[in-house]
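Colleague: Quick one: structure below, then a few questions.
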Amino acid sequence: MVKIGIIGGSGLEDPKLLKDAKEIEVNTPYGKPSSLLTIGKIEGVDVVILSRHGRKHQIMPTNVPNQANIHALKEQGCTHILVSSAAGSLREDIKPGDFVIVDQFIDRTTKRKSTFYEKDHVCHIPMAEPFCSHLRELLYDSAKELKFRAHEKGTVITIEGPRFSTKAESHLFRSWKADVINMSTVPECVLAREAGLCYAAVVMSTDYDCWRSGEESVDIQMVLKTFKKNAENVVKLFIKTIHKIKDNPDCKCRKDIKTALIS
């Protein structure tokens with residue numbers, strides 16, 4: 001049975017979209033998740049929606065309780081997770097408003113708990129392919145059907161934040177072949193793999209970071225303006241994709257954890 005967790009799903013809590021909606025408060029061994037969980041159905045599919053930074057965007061990136069968020073979705077029976085994230089573009093051809101269905105990440109975070117296994121066991125989870133290839137394919141196909149500007153792959157570099165990059169850093173990340181930059185993908189996707197969940201991320205380009213000559217350097221107002229303008233398209237993309245998702249217990253995302261633990 002498929003059950004979809006959605007993180008960062010602003011706008012999807014709309015009662016017109018979510019049938020039989022209810023909010024529940026949960027706790028986990030890792031504390032409370034970022035927000036109440038909104039549970040219901042979208043086009044007949046069970047979904048659980050969670051706001052990554054809280055309903056009022058009051059939780060800064062470093063303090064997002066990623067362990068609690070992923071554990072809460074797993075505990076609710078989710079099999080798949082779809083997430084959205086704002087990001088800066090590090091490439092000329094990834095324009096503000098474009099979607100990138102990322103397939104790789106570079107981790108530049110320094111202060112976050114990135115595993116559930118902090119004692120008794122060590123988890124060496126494989127991360128060569130960190131995002132579910134099947135979910136990514138469905139998202140890209142849906143984006144094409146909706147005629148959105150979308151890139152079927154890309155490398156996201158996740159920085160600690162909450163500050164934005166310097167120009168030197170931005171140019172360094174471009175030299176590393178990163179395509180977009182955000183503050184949220186890692187360790188969220190790593191924990192999802194440890195939990196045995198299929199996970200895919202839709203990254204929306206909101207700006208050109210600060211590398212582009214003649215371009216105004218990114219600030220939060222720029223990010224919010226572009227994100228709000230395109231948030232409706234994220235909702236449309238998720239709705240278009242959700243009913244296509246099939247359960248696949250044999251997916252590598254679901255099986256990696258079975259051989260990753262050392263007692």
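Since every read-out is calculated from the coordinates, none of them should be taken as a lab result. Keep in mind that what you see is a predicted model, and the values were worked out from it rather than measured. Here the Cβ is made from the backbone with ideal geometry for all residues, glycine too, and neighbour counts use every protein chain on show.
Colleague: Please list 3J(HN,Hα) in residue order for the range 137-142, calculated via the Karplus relation 6.51 cos²θ - 1.76 cosθ + 1.60 where θ = phi - 60°; whole Hz, with x for glycine and proline.
Modeller: 4, 5, 5, 5, 4, 5
Colleague: Follow-up question, since we're still on this one. Name the lysines eligible as straight-distance cross-link partners of LYS228: C-alpha to C-alpha under 20 Å, and not fewer than 8 places from it in the same chain.
Modeller: In chain and number order, the partners are LYS16, LYS56, LYS95, LYS147, LYS236, LYS240.
Colleague: Identify which of THR110, THR206, THR241 has the largest mean-square fluctuation in a Gaussian network model of the chain, with springs joining Cα atoms closer than 10 Å.
Modeller: THR110
Colleague: Please list, by residue number, every one of the GluC sites (Glu not before Pro) in the range 32-139 that is coil in DSSP and has at most 14 other beta-carbon atoms within 10 Å.
Modeller: GLU43, GLU92, GLU118
Colleague: For the range 157-216, what does the alpha-carbon gyration tensor say about shape, rounded, prolate or oblate, given a ≥ b ≥ c as the root eigenvalues, a/c under 1.5 as rounded, and a/b over b/c as prolate?
Modeller: prolate
Colleague: Anything over 22 Å Cα to Cα? Flag those among LYS144/LYS244; LYS19/LYS153; LYS41/LYS74, in the order listed.
Modeller: Flagged as over cut-off: LYS19/LYS153.
Colleague: Apply the Karplus parameterisation 6.51 cos²θ - 1.76 cosθ + 1.60, with θ equal to phi minus 60°, to every residue of the range 176-189 and state each ³J(HN,Hα) to the nearest whole Hz, in sequence, with x for glycine and proline.
Modeller: 7, 6, 6, 9, 9, 9, 9, 10, 10, 5, 9, x, 3, 5
Colleague: Could you tell me which residue out of ILE49, PHE227, TYR30 lies farthest along the dipole of the chain toward its positive end? Charges go on the beta carbon: Lys and Arg +1, Asp and Glu -1, centred on the Cα centre.
Modeller: Going by the charge dipole, the pick is ILE49.
Colleague: Taking H placed 1.01 Å from N in the peptide plane, check which residues at least 5 places from HIS53 or on another chain put their amide H under 5 Å from its amide H.
Modeller: none
Colleague: May I ask for the equivalent-ellipsoid semi-axes of the chain, computed as the square root of five times each C-alpha gyration tensor eigenvalue and listed largest first in whole Å?
Modeller: Equivalent ellipsoid semi-axes, largest first: 27, 22, 18 Å.
Colleague: Mean separation of Cα pairs under 8 Å and 6+ residues apart, divided by the residue count of the range 3-262: what relative contact order is that in percent?
Modeller: Relative CO of the range 3-262 lands at 25 percent.
Colleague: Next question, about the same structure. Mind listing which GluC sites (Glu not before Pro) in the range 185-260 are in a DSSP loop and have 13 or fewer other Cβ atoms within 10 Å?
Modeller: GLU215, GLU216
Colleague: Something else about it: Would you mind checking which residues have amide H under 5 Å from SER34's amide H? H placed 1.01 Å from N; only 5 or more apart, or other chain.
Modeller: Placed amide hydrogens put ASN69 under 5 Å from SER34.
Colleague: Here's something else I'd like to know. Can you sort ILE59, ILE157, ILE181, ILE220 from fewest to most other Cβ atoms within 10 Å of each residue's own Cβ?
Modeller: ILE220, ILE59, ILE157, ILE181
Colleague: Taking only Cα atoms and a 10 Å spring cutoff, compute GNM fluctuations for the chain and point out the largest among LYS56, LYS236, LYS252.
Modeller: Most flexible of the set in this elastic network: LYS56.
Colleague: So, one more: Tabulate in residue order the Karplus-calculated ³J(HN,Hα) for the range 112-122, using 6.51 cos²θ - 1.76 cosθ + 1.60 with θ = phi - 60°, rounded to whole Hz; enter x for Gly and Pro.
Modeller: 10, 6, 10, 8, 7, 9, 9, 7, 6, 10, 10
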